[in-house]
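Take a look at the structure set out below.
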Amino acid sequence: MNEQQQRQQMVTIARSFYQRGYATGSAGNLSVLLEDGAILATPTGSCLGELEADDLSKVTLAGEWISGKKPSKEVSFHLALYNHNPACLAIVHLHCHYLTALSCLNNLNTESAMTPCTPYVVMRVGDIPVVPYFRPGDPQIGEYLSARAKQHRAFLLANHGPVVMGKTLRDATDNLEEMEAAARLFFTLENYPVRYLSSDEIATLRSAYNA
């Protein structure tokens, strides 16, 4: 996929997120690694439902702004992930309802925010560690993520929302949507007895899907 196709795909996916209620206002940001080694990212203050392909920010992996509108202040933690995990080729960060609600709960397991009750999050991303709260744009988010980038495919920023990696922007999108579905199940089932997957079942899934 060439750069223009990736630009159009980002606009299409971002608009879909907005239209389906995964993003509101100017919240959230997406990025993808290009063949030339730079990244495309959503600009600062942009609404995901109103992006234009030519306005997308183009930034080097060193953080130099090349073209397009000014990048989001949160591009710094995107760069931290790209620079510390060669398998990371795209990132989705949203403030989607159920995962953000989950991120606001006290006493989450910091090693993995959700105990799985279906196989699918395990298959797609494995454990979802919780990142301590930092203000949006704080460079400490990138520092925290960079130290753990190779071990995980997704994170939950405390009181903020998910950060999800993928092999393509579509893959990162699918990972995010599976996580949001799992968080919705978490809240739907909170007052019911739940049969969670056993440790052996989780280990089998991890082995099969390298999760």
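The values are calculated or read from the model by the stated rules, or taken from the named source; none is laboratory data. Every value quoted in this text rests on a predicted model; they were computed, and no experiment measured them. Every residue, glycine as well, gets a Cβ built from its backbone with ideal geometry; the counts of neighbours run over all protein chains shown. Calculation scope for accessible area: heavy atoms of the full protein, side chains included, ligands and nucleic acids excluded. Shrake-Rupley method; radii C 1.70, N 1.55, O 1.52, S 1.80 Å.
Between Ile66 and Gln4, the contour length at 0.36 nm per residue exceeds the Cα-Cα span by 20.8 nm. Backbone geometry of the stretch 107-113 corresponds, through the Karplus equation with coefficients 6.51, -1.76 and 1.60 at θ = phi - 60°, to 3J(HN,Hα) couplings of 6, 5, 5, 5, 7, 7, 5 Hz, x marking Gly and Pro. Could I get the Rg over Rh figure for the stretch 3-209? Both from C-alpha atoms, Rh via Kirkwood, rounded to two places. Answer for the stretch 3-209: 0.96.
Each peptide among 45-53, 78-86 gets the average number of other Cβ atoms lying within 10 Å of its residues, and from highest to lowest they stand as 78-86, 45-53. Once the Cα-Cα distance is subtracted from the 0.36 nm per residue extended length, the Asn107 to Lys150 segment shows a gain of 13.0 nm. Surface exposure of the chain, expressed per residue as accessible area with a 1.4 Å probe, stands at 49 Å².
In this structure, His97 and Ser199 have a Cβ-Cβ separation that, at R0 = 22 Å, corresponds to a calculated FRET efficiency of about 0.15.
How tilted is helix 3-19 with respect to the longest principal axis of the chain? Cα atoms for both, answer in degrees (0 to 90, nearest 10). For 3-19 against the chain, the angle is about 50 degrees.
For the stretch 54-95, the list of trypsin sites (Lys or Arg not before Pro) that fall in a loop by DSSP and count at most 14 other C-beta atoms within 10 angstrom reads Lys73.
Ligands, DNA and RNA left out, the accessible area of the chain computed with a 1.4 Å probe is 49% carbon and sulfur. A Förster radius of 25 Å combined with the Cβ-Cβ distance from Ala87 to Ser207 puts the calculated FRET efficiency at roughly 0.85. When peptides 25-31, 134-140 are ranked by their average number of other Cβ atoms within 10 Å per residue, the highest-first order is 25-31, 134-140.
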